[in-house]
Amino acid sequence: LSGTAEMAIGGFLMGKQLTDLPLKICAVSRCYRAEAAQNVQDKGLYRVHQFYKVEMFMVTEGKTEASQEALHEILAIEQQMFDSLGLAYKVLDMSPDELGDPAARKYDVEAWMPGRNFWGEISSCSDCTDFQARRLNITDSNGRFCHTVNGTACAVPRMILALCEQHQTLNGSVAVPAPLRKFLRGNPDVLAGKPKKQRATLMYVNSANYFDNQNVARE
């Protein structure tokens with residue numbers, strides 16, 4: 001179970017010699033994370049064990065200038081997307097002590113989440129230079145190790161969270177950003193909740209043994 005499509009893409013490129021650079025790949029995958037919510041701000045959709053994510057991945061020639069250019073290209077795509085959705089966000093140029101072993105430079109994108117009263121990460125992008133390419137033996141036509149760059153286009157739960165919290169109106173409905181309306185039935189400008197009598201009756205299942213316990217109670 002992997003936490004991002006970045007791993008699968010890297011494995012797909014392992015041992016390959018690439019001639020047409022930069023290589024640009026985008027993948028959507030189901031992602032799994034072991035960490036659980038540690039505080040009130042992490043509860044709910046913000047931190048879940050399983051979710052869908054769209055990942056961007058670029059391979060460049062083995063030069064810092066090339067991978068840095070790719071990093072800023074991915075960051076620009078993220079910013080363009082969040083701007084089009086009308087989200088309030090900020091970009092953080094992460095300090096070296098915040099970077100993992102693979103990344104030489106990393107940007108985090110945090111959106112304001114008024115329901116939680118804090119800035120929450122919704123995206124990031126990293127320049128890994130040749131850290132991954134050396135281990136995966138990804139080379140260019142001259143046999144030199146390539147550079148790899150990756151970034152999150154959309155982590156679905158956090159995107160839903162940011163959209164609902166930032167675009168909620170006074171009566172509880174949610175304004176739909178223009179780029180998303182065509183994907184919703186009727187192209188609505190606003191998503192409003194149904195009256196209580198029209199809402200589905202849902203059963204709360206609080207454990208894997210819920211139905212077994214119900215059968216025992218009936219007997």
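Remarks
- Within the option set ALA162, ALA133, being out of contact with any Ser or Thr (no Cβ under 9 Å at 6 or more places or on another chain) and open to solvent by less than 40 Å² (accessible area, probe 1.4 Å) holds for one residue only, ALA162.
- If you go through the range 167-191 and keep only what is assigned to a loop (DSSP other than H, G, I, E, B) and more than 23 Å from ASN117 (Cα to Cα), you end up with LYS182, PHE183, LEU184, ARG185, GLY186, ASN187, PRO188, ASP189.
- Close pairs (6 angstrom Cβ cut-off, 6 or more residues apart or separate chains): part of a strand (DSSP E or B) in the range 42-54, of a type in the set (Phe, Trp, Tyr) anywhere: GLN50/TYR32
- Number of the condition not met by PRO157 [criteria: (1) in contact (Cβ under 8 Å) with a residue 60 or more places away in the chain; (2) of a type outside the set (A, V, I, L, M); (3) open to solvent by 40 Å² or more (accessible area, probe 1.4 Å)]: (3)
- Filtering the range 33-64 to residues that are open to solvent by 30 Å² or more (accessible area, probe 1.4 Å), in contact with a His (Cβ under 9 Å, 6 or more places away or on another chain) and at pLDDT 90 or above leaves GLU61, GLY62, LYS63, THR64.
- Residue in the range 105-113 that is in contact (Cβ under 8 Å) with a residue 40 or more places away in the chain, open to solvent by 50 Å² or more (accessible area, probe 1.4 Å), hydrophobic (A, V, I, L, M, F, W, C) and assigned to a helix (DSSP H, G or I) present: no
- Subset tally (residues that are under 25 Å from the mean Cα position of the chain (by Cα) and of a type in the set (D, E, K, R)) for the range 136-179: 2
- The numbered conditions (1) under 18 Å from ALA103 (Cα atoms); (2) at pLDDT 95 or above; (3) assigned to a loop (DSSP other than H, G, I, E, B) are all true for GLY15 except (1).
- SER207 open to solvent by less than 70 Å² (accessible area, probe 1.4 Å), closer than 26 Å to ARG30 by Cα and more than 23 Å from the chain's Cα centre (by Cα): yes
- The set of residues in the range 137-166 that are closer than 25 Å to CYS31 by Cα and part of a strand (DSSP E or B) comprises HIS147, THR148, VAL149, ASN150, GLY151, THR152, ALA153, CYS154, ALA155.
The values are calculated or read from the model by the stated rules, or taken from the named source; none is laboratory data. If you're wondering where the values come from, they're calculated on a predicted model, not measured in any experiment. Heads up, the Cβs are rebuilt from the backbone with ideal geometry, glycines too, and the neighbour counts pull from every protein chain shown. The accessibility values were calculated without ligands, DNA or RNA, using every heavy atom of the protein model including side chains. Shrake-Rupley method; radii C 1.70, N 1.55, O 1.52, S 1.80 Å.
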